[in-house]
Every structure is written in C-alpha cells, then in structure tokens.
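Notes follow the structure.
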Amino acid sequence: MTLYEVAKDLERRLESIFLRDASGQRPVYGETSKFQDDPQWRDRILFYEYFHGDNGAGLGASHQTGWTGVIARGMHLFATTPPERVVELRRSRSSVET
C-alpha cells in the first residue's frame, strides 16, 4: 500500500465509528438507545474523548473538539482530493522548501 492508501484506510476505519452500519446503528453510540433511535438525537453526532477498542462506542467526555474533530477533516480530504493531487501538492511544497 502507498502511504496515501494507508492514510485513507485509517480514515475509513475512524469514520465507520460515526456512520450508520447495515442495521442503521452508529457504533459511536453503543447500546444507548436514546442516541440510536430518538429522532431528536440520532443524527446529532457527538465527538467523544475516547472510544471502546472492540465496538467503537464513545467513552469519556462527549464534547471533544480535539483529535476527534480531525476525523471530519479527513472525511472531507479523502472525498475531495485524489491521490495525484496530494502528490502534486507535496512536490510543490518540497520545491518551495529547498
């Protein structure tokens, strides 16, 4: 795998915590039915401080805007930037640095 492909795979795994699975549930909400089913809550994504290593359920504070906010940026990056553009940007940056 290229470094881009590795980064994209890691991003895909992280975003899968927040996206609905085949049964319509978001792993981030674990077994909390209010967040899974209530129309007032089910589409309001909370960014937690930590995540359960086996099932992805959010743990700790639910108002984090630190590293978990990077997941949204990564989703945008991989949805809008093809690998060729990343290489092009890196090359142009390298030429400026030298």
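The table below lists the values:
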item: Charge dipole magnitude, Cβ of K and R +1, D and E -1 - the chain, Cα centre, debye nearest 20; result: 280
item: Simple label model, 7 Å out from Cα along Cβ direction - Arg13 to Val87, nm; result: 2.5
item: Those GluC sites (Glu not before Pro) in the stretch 1-70 that DSSP places in a loop and that have at most 13 other beta carbons within 10 Å; result: Glu31
item: q = 0.18, 0.25 Å⁻¹: log10 I(q)/I(0) that the Debye formula gives for the chain, counting C-alpha atoms only; result: -0.88, -1.34
item: Selection from Leu89, Gly74, Gly58, by position along the positive dipole direction of the chain (Cβ); result: Leu89
item: Surface accessible to a 1.4 Å probe, per residue, for the residues of the chain, Å²; result: 73
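The values are calculated or read from the model by the stated rules, or taken from the named source; none is laboratory data. Remember, it's a predicted structure, so these values are computed and weren't measured experimentally. We place every Cβ from the backbone using ideal geometry, glycine too, and count neighbours over all the protein chains shown. Note: accessible area is taken over every heavy atom of the protein model, side chains too, but ligands, DNA and RNA are not part of it. Shrake-Rupley method; radii C 1.70, N 1.55, O 1.52, S 1.80 Å.
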